[in-house]
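All remarks here apply to the structure that follows.
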Amino acid sequence: MESKHEAHGEISTLPEKLPRRNSSATERSMTLSNTSKKEVDEEVAQFELSEKLLDEDDSSKKFPVDDAKAVGVLQLFRFATPLDRILTLLGIFFSCAAGVVNPVMIIIFSKLMGVIIQYQTLADANLESANHYLGHESRHYCLLFFILGIVMWVVSFG
């Protein structure tokens with residue numbers, strides 16, 4: 001596969017121009033025998049500059065973890081505006097409300113299962129009244145699930 005330079009009639013010596021990091025400047029000069037001395041000096045200077053920048057850019061030297069100062073929760077909000085604090089409290093409240101919805105849904109579902117079990121016992125005695133009971137109670141619990149879904153939508157996305 002041809003490189004971009006080879007497609008335009010130039011021979012790319014990029015792998016030769018960027019030798020290993022631990023090699024010396026003379027070794028780098030020897031590997032670039034196809035290029036002029038001026039080009040070699042420019043490439044070596046650019047390579048050494050990039051090494052220096054990489055060494056200076058080491059984030060562990062700039063921000064040591066041991067020197068980090070722990071702050072309290074209230075200090076995290078020292079620059080917050082009153083609106084920020086209100087929105088944070090609203091977010092906490094609605095997150096708790098969204099977390100309460102799942103246990104409530106489990107309780108409603110368990111009551112619906114109780115209605116189905118009750119229907120089976122009532123169907124043995126009188127099928128017509130058992131069907132009326134099941135229809136009435138299932139509509140009631142479907143309405144509760146619908147309301148619970150709306151509440152979940154409001155507290156999650158509203």
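The values are calculated or read from the model by the stated rules, or taken from the named source; none is laboratory data. A quick note: this is a predicted structure, and the numbers were derived from the prediction, not measured. A quick note on method: Cβ atoms are made from the backbone with ideal geometry, for glycine too, and the neighbour counts reach across all protein chains shown.
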The one condition in (1) within 27 Å of the chain's Cα centre (by Cα); (2) among the small types (G, A, S); (3) not in a loop (DSSP other than H, G, I, E, B) that A123 fails to fulfil: (1)
Entirely in the range 25-117, the helices (runs of 4 or more DSSP H) that have 3 or more residues that are loosely packed, with under 10 Cβ neighbours inside 10 Å and modelled with pLDDT under 95: 37-56, 59-62, 73-76
